[in-house]
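A.B. asks: Shown below is the structure under consideration.
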């Protein structure tokens, strides 16, 4: 009910002392439920730090999680949906002022309860142009100790600047670290375990999904860290989440994704990151895959071990075949026994793959195993779509060698690593002995006895020196480089 003024017929007047006097401050009497939109508020725009060639800018969208855009010069940088946003600009000139502004196409949507329909909100979006000036000289590099100088890795990350090293002493750290500042060429920010000490990033009994967030940063190094007990939730992201930026290094890291039940998240997910290097790391488990790359030109994965990943070892999506993926000197152990129908690598454009000197340790004969699934071959789309996902064309080792001239020195076979001197056979439901295979897999590959998992370490994934699969034809190690590992 209402009159010409838009007022409801039985509501309290605007000047009534009873307005808001209902239970918990609610409206008394009839009311209307409204949906109002206004420009998204962007607040707390600030300069976190500057170097002679970088500037880190931060802001928030306090009323809702939203995508935003940083505009500077002729460039635009999109930030993913969230409430806290951070971007580090690189390639700047010392002592120079740069104009920028933060915008968003998203509207702020509000649900209101009112006694009458108020006038429409005609507020126009106003995004102010601001200025940041780079430093004229770089500060001296520092070494920050956790927990000696800072109680948490997050606190040290807040303070770290280009050139700094955060040395993390042995222990278990249950936190999500958002890296705020950017490193620089020749002056990275390094987060490293103290030599000889074991640092575990722990997901708090699978309560936490993410350990590190790198939003539009450059030259960050993660070295010698271990990860376990993280939660798998697709909407929460991966354990190490990298968005934008360039020249990151993840080395000598160890993900023990074994759990007694349930799924385990992907360790590394990178979106639009240039020159990402991942080396000498071990990936155990991981729902879907251990590493997920989206539009990451010149990514390199080398001297790594992939072991019992759920579906595959790695996925790399790229829009064009010139977004190259370099994959070499890796030891790829087969997926879990029930998933051997999936290819071990998923590369959207097969022509983007630069792969060689790898070992594939597999549960079925090498001539039969699909190594790479792809959606495009020589620019032509292949495969088909089904209701769940796109099913690409599967390639065997001989296909990679003859059609693409890749993996000429790659081999299949048994490197007899201590973690699994033999792999159990496939177990995809077609084998009547599937229950026995499941038990043997848990005992011999996951090293599970009852409700106990025997600890595994880097040395459990290094073939004996006399094994012919321990060295590539170029003399380099297949898989981990023993001399480069933490001691």
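The values are calculated or read from the model by the stated rules, or taken from the named source; none is laboratory data. Quantities reported herein were computed from a predicted structural model and do not represent experimental measurements. Counting neighbours? That spans all protein chains shown, and the Cβs are built from the backbone with ideal geometry, glycine included.
Residue-wise test of (1) surrounded by fewer than 18 Cβ atoms within 10 Å (Cβ to Cβ); (2) part of a loop (DSSP other than H, G, I, E, B); (3) assigned by TED's automatic domain parsing to the domain that holds residue 480; (4) out of contact with any helix residue (DSSP H, G or I) (no Cβ under 6 Å at 6 or more places or on another chain).
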{"site": "351", "(1), (2), (3), (4)": "no, no, yes, yes"}
{"site": "354", "(1), (2), (3), (4)": "yes, no, yes, yes"}
{"site": "360", "(1), (2), (3), (4)": "no, no, yes, yes"}
{"site": "366", "(1), (2), (3), (4)": "yes, yes, yes, yes"}
{"site": "369", "(1), (2), (3), (4)": "no, yes, yes, yes"}
{"site": "373", "(1), (2), (3), (4)": "no, no, yes, yes"}
{"site": "398", "(1), (2), (3), (4)": "yes, no, yes, yes"}
{"site": "402", "(1), (2), (3), (4)": "yes, no, yes, yes"}
{"site": "414", "(1), (2), (3), (4)": "yes, yes, yes, yes"}
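A.B. asks: Would you call residue 205 at pLDDT below 95 and either more than 26 Å from residue 79 (Cβ to Cβ) or assigned by TED's automatic domain parsing to the domain that holds residue 46 (or both)?
C.D. replies: Judged against the criteria, residue 205 is a match.
A.B. asks: Right, next: Across the range 303-349, what is the total count of residues that are closer than 21 Å to residue 403 by Cβ and part of a helix (DSSP H, G or I)?
C.D. replies: So the count comes out to 0.
A.B. asks: State the number of residues belonging to the range 286-295 that are in a loop (DSSP other than H, G, I, E, B) and surrounded by fewer than 24 Cβ atoms within 10 Å (Cβ to Cβ).
C.D. replies: So the count comes out to 3.
A.B. asks: Okay, next question. Which residue is farthest from residue 192 (Cα to Cα), if the candidates are limited to the range 228-240 and must be crowded, with 24+ Cβ neighbours inside 10 Å and touching a strand residue (DSSP E or B) at 6+ places or on another chain (Cβ under 6 Å)?
C.D. replies: Taking the candidates together, the pick is 238.
A.B. asks: Let me ask something else about it. Only one residue in 334, 319 is in the same structural domain as residue 467 (by TED's automatic domain parsing), in contact (Cβ under 8 Å) with a residue 40 or more places away in the chain and over 17 Å from the mean Cα position of the chain (by Cα), so which one is that?
C.D. replies: Exactly one of 334, 319 is in the same structural domain as residue 467 (by TED's automatic domain parsing), in contact (Cβ under 8 Å) with a residue 40 or more places away in the chain and over 17 Å from the mean Cα position of the chain (by Cα), namely 334.
For (1) outside any strand (DSSP E or B); (2) crowded, with 20+ Cβ neighbours inside 10 Å; (3) out of contact with any helix residue (DSSP H, G or I) (no Cβ under 6 Å at 6 or more places or on another chain); (4) not assigned by TED's automatic domain parsing to the domain that holds residue 185, each residue gets a yes or a no:
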site: 48; (1), (2), (3), (4): no, no, yes, yes
site: 57; (1), (2), (3), (4): no, yes, yes, yes
site: 64; (1), (2), (3), (4): yes, no, yes, yes
site: 67; (1), (2), (3), (4): no, no, yes, yes
site: 71; (1), (2), (3), (4): no, no, yes, yes
site: 88; (1), (2), (3), (4): no, yes, yes, yes
site: 93; (1), (2), (3), (4): yes, no, yes, yes
site: 99; (1), (2), (3), (4): no, no, yes, yes
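A.B. asks: Further question: For residues that are under 19 Å from the mean Cα position of the chain (by Cα) and under 20 Å from residue 159 (Cβ atoms), tally how many sit in the range 183-234.
C.D. replies: So the count comes out to 20.
A.B. asks: Continuing with the same structure: Return the residues of the range 151-169 that are without any contact (Cβ under 8 Å) to a residue 12 or more places away in the chain and outside any helix (DSSP H, G or I); say none if nothing qualifies.
C.D. replies: Listed by number, the list holds a single entry, 151.
A.B. asks: On to the next question. With the requirement that a residue be out of contact with any strand residue (DSSP E or B) (no Cβ under 7 Å at 6 or more places or on another chain), farther than 30 Å from residue 133 by Cβ and modelled with pLDDT of 65 or more, what does the range 17-63 give you?
C.D. replies: 17
A.B. asks: Which ones in the range 406-433 are free of Cβ contacts under 8 Å to residues at least 12 places away in the same chain and closer than 13 Å to residue 337 by Cα?
C.D. replies: 430, 431, 433
A.B. asks: Still on this structure, please answer the following. Which residue out of 450, 475, 392, 379 is more than 30 Å from residue 169 (Cβ to Cβ), exposed (fewer than 15 other Cβ atoms within 10 Å of the Cβ) and in contact (Cβ under 8 Å) with a residue 12 or more places away in the chain?
C.D. replies: That would be 379, the only listed residue that is more than 30 Å from residue 169 (Cβ to Cβ), exposed (fewer than 15 other Cβ atoms within 10 Å of the Cβ) and in contact (Cβ under 8 Å) with a residue 12 or more places away in the chain.
A.B. asks: Follow-up. I'd like the residue in the range 260-284 that is modelled with pLDDT under 95 and more than 15 Å from the chain's Cα centre (by Cα) and, out of all such residues, is surrounded by the fewest Cβ atoms within 10 Å (Cβ to Cβ).
C.D. replies: Of everything passing the filter in the range 260-284, 261 is surrounded by the fewest Cβ atoms within 10 Å (Cβ to Cβ).
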